[in-house]
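First the structure, in the form of structure tokens, and then the observations on it.
Nothing in this text is a laboratory measurement; each read-out follows from the coordinates by a stated rule. What you are looking at is a predicted structure, and each value in this text was computed from that prediction instead of being measured. Note that we place each Cβ from the backbone using ideal geometry, even for glycine, and neighbour counts take in every protein chain shown.
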Amino acid sequence: MSSRTFECVRFCVYPNDHNPRHVHAMLARTRVVIDLLESGDVRIADRELAVSPPNAKKSDVRKTLALAAANFDELVELWESIHGKA
């Protein structure tokens, strides 16, 4: 696993993970799977349990998305260092 931390949010990429390109964000008890889109945008992954717990604070989810967007290039580099380019 490789990770980066920005403003108390830890973003992880796992070596045995799958496409599409994404990171796992952790802030306190909130976990969010965030897709890193080819367009340069980020979004919550379209999968079950993309946000955990289901009643996670909306402000924590927004913060993870905002930080993923602000650090998009570095998170893509993190993904590609493990999985290669798409």
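See the values below:
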{"item": "Filtered residue count, region 50-61, keeping only those that are within 11 Å of the chain's Cα centre (by Cα) and assigned to a loop (DSSP other than H, G, I, E, B)", "result": "1"}
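Let's see how each residue does on (1) more than 12 Å from the chain's Cα centre (by Cα); (2) surrounded by 10 or more Cβ atoms within 10 Å (Cβ to Cβ):
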site: E7; (1), (2): yes, yes
site: C12; (1), (2): no, yes
site: H24; (1), (2): no, yes
site: R29; (1), (2): yes, yes
site: R43; (1), (2): no, yes
site: E48; (1), (2): yes, no
site: K63; (1), (2): no, yes
site: E77; (1), (2): yes, yes
